[in-house]
Amino acid sequence: MPNRLNKMRSSALASVAVPTVERALPPIRSVDLAAIGQGNS
């Protein structure tokens, strides 16, 4: 039982964490690109 609970918990955490990370990354990436562009010019 504990094993199955841990698997369910980790898969639930993964399904919550992944969209959060993917949602957080694009703004950071665009900000990095903007900063690099300003640095070059």
| Could you give the angle, 0 to 90 degrees to the nearest 10, between helix 2-40's Cα long axis and the longest principal axis of the Cα atoms of the chain? | 0 degrees
| message | Run lengths n ≥ 4 of DSSP H only: what is the helix-derived mean residue ellipticity at 222 nm for the chain, with -39500 (n - 2.57) per run over all residues, to the nearest 500? | response | -35000 deg cm²/dmol
| message | Taking 0.36 nm per residue of sequence separation and subtracting the Cα-Cα distance, how much length would be gained by fully extending the chain between Val21 and Asn3, in nm to one decimal? | response | 3.9 nm
| note | Rounded to whole Å, √(5λ) for the Cα gyration tensor eigenvalues of the chain, largest first, gives 39, 7, 4
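All of the numbers you see were taken from the coordinates with simple rules; none came from a lab. Note that the structure is a prediction, hence the values are computed from the model and not measured.
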